[in-house]
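The values are calculated or read from the model by the stated rules, or taken from the named source; none is laboratory data. The structure displayed is predicted, hence computed values, not measured ones. For neighbour counting, all protein chains shown are included, and Cβ atoms are generated from backbone atoms with ideal geometry for every residue, glycine included.
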Amino acid sequence: MSQSQNATWQLQITIPGHLDQLWSRRLDLELVRTASGTTVLSGSVRDTAALYGLLTKLRDLGLEFTALEAHKKEETNR
């Protein structure tokens, strides 16, 4: 087969409360604090395993989220 497919995930996670900016570096995501009192983390992860790894990390850190949007972006290389 001459094609290989890679899938990256674009994601946005809403967390109640305002997180410190250090979480942006720790999670390797952009962090925005909203006026409504939530934090929105956004960015991309390289594949499905990395997405699950990030969700596991959030769980292990005790961070709840109220919304999660994840969109798979297929890339085909020849």
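Condition check ((1) surrounded by fewer than 11 Cβ atoms within 10 Å (Cβ to Cβ); (2) at pLDDT 95 or above; (3) in contact with a Gly (Cβ under 6 Å, 6 or more places away or on another chain); (4) not polar (S, T, N, Q)) across all residues:
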position: Ser2; (1), (2), (3), (4): yes, no, no, no
position: Gln5; (1), (2), (3), (4): yes, no, no, no
position: Val32; (1), (2), (3), (4): no, yes, no, yes
position: Gly43; (1), (2), (3), (4): no, yes, no, yes
position: Thr48; (1), (2), (3), (4): no, no, no, no
position: Leu63; (1), (2), (3), (4): no, no, no, yes
position: Lys72; (1), (2), (3), (4): no, no, no, yes
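For region 19-29, a residue qualifies if it is surrounded by 12 or more Cβ atoms within 10 Å (Cβ to Cβ) and in contact with a strand residue (DSSP E or B) (Cβ under 8 Å, 6 or more places away or on another chain), and the qualifying residues are Leu19, Trp23, Ser24, Leu27, Asp28, Leu29.
How many of the residues in region 50-60 are surrounded by fewer than 11 Cβ atoms within 10 Å (Cβ to Cβ) and not charged (D, E, K, R)?
Within region 50-60, the first condition is being surrounded by fewer than 11 Cβ atoms within 10 Å (Cβ to Cβ), and the residues that meet it are 56, 60.
Filter once more, so that each one left must be not charged (D, E, K, R): 56.
So the count comes out to 1.
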